[in-house]
């Protein structure tokens with residue numbers, strides 16, 4: 001089946017620290033991969049995406065590379081800010097079914 | 001241009017009652033999907049509507065039903081509410097293009113349903 005496994009949280013870092021949130025997936029075929037962010041009281045916002053192997057998605061200083069050989073899509077940021085505090089979701093898109101399969105989410109807190 | 005709008009934002013019901021949640025898609029979008037996000041969990045796909053028909057369905061019981069109107073807006077209905085139905089219900093809209101691998105889903109802010 002199709003599934004996404006994320007690094008368990010919560011994750012707490014100091015401002016300007018390096019961030020990695022691990023994500024691995026299981027899928028039939030070659031799904032597109034996404035990271036979504038959810039700020040308190042809000043819906044999901046697309047952070048970045050990659051549609052094929054070796055693609056790198058990037059946005060707002062965040063990056064993730066689609067690694068088919070390790071079935072991974074780890075999220076990284078070189079220097080986090082307090083405003084990055086949110087819940088991050090890794091997801092894969094199943095084109096035929098036109099639906100997203102999400103991981104369980106990782107809560108990130110950045111302290112000043 | 002309004003994005004995806006959902007109503008109401010919060011709702012409190014008791015066990016056994018029925019509830020209707022509403023979603024207006026982003027302008028230009030013709031497909032609406034519904035997701036359930038339980039506390040501390042990732043969203044789970046409930047179903048998707050396109051051309052006023054249910055096209056895909058996740059692993060949810062028949063108590064969950066929906067509708068799409070000619071203007072592409074959608075409703076999610078849940079009958080015989082259980083305590084476990086308490087969750088954030090998210091609506092996502094998109095323009096259906098099966099030729100594309102480039103997903104473009106836009107999410108609303110959700111309806112927080114509490115079942116007491």
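Any residue at all in segment B:72-88 that's under 24 Å from residue B:2 (Cα atoms), assigned to a strand (DSSP E or B) and within 14 Å of chain A (Cβ to nearest Cβ)?
The answer is yes; a qualifying residue exists.
Please find, within segment A:75-112, the residue that is surrounded by the most Cβ atoms within 10 Å (Cβ to Cβ) out of those that are away from every other protein chain (no Cβ under 14 Å) and out of contact with any strand residue (DSSP E or B) (no Cβ under 6 Å at 6 or more places or on another chain).
Filtering first and then ranking leaves A:81.
Within segment B:1-27, how many residues are closer than 13 Å to residue B:94 by Cβ, touching a strand residue (DSSP E or B) at 6+ places or on another chain (Cβ under 9 Å) and either without any contact (Cβ under 8 Å) to a residue 60 or more places away in the chain or not in a strand (DSSP E or B) (or both)?
Residues that pass the stated criteria total 4.
All but one of (1) at pLDDT 95 or above; (2) in a loop (DSSP other than H, G, I, E, B); (3) more than 16 Å from the chain's Cα centre (by Cα) hold for residue A:13, so report the exception by its number.
(2)
Within segment A:74-97, identify whether any single residue is over 17 Å from residue A:7 (Cα atoms) and assigned to a strand (DSSP E or B), and answer yes or no.
Taking every residue of segment A:74-97 in turn, at least one turns out to be over 17 Å from residue A:7 (Cα atoms) and assigned to a strand (DSSP E or B).
Of all residues in segment B:23-49, how many are more than 8 Å from chain A (Cβ to nearest Cβ) and either surrounded by fewer than 16 Cβ atoms within 10 Å (Cβ to Cβ) or over 12 Å from the mean Cα position of the chain (by Cα) (or both)?
Looking only at that region, the number is 7.
I need the full set of residues from segment A:63-74 which are without any contact (Cβ under 8 Å) to a residue 24 or more places away in the chain and exposed (fewer than 15 other Cβ atoms within 10 Å of the Cβ), in order please.
Initially, segment A:63-74 is screened for residues without any contact (Cβ under 8 Å) to a residue 24 or more places away in the chain, giving A:63, A:65, A:67, A:69.
Scanning segment A:63-74 gives a single hit, A:69.
The values are calculated or read from the model by the stated rules, or taken from the named source; none is laboratory data. Computed from a prediction, not measured in an experiment: that's the story for all the values here. Cβ: placed from backbone, ideal geometry, glycine included. Neighbour counts: every protein chain shown.
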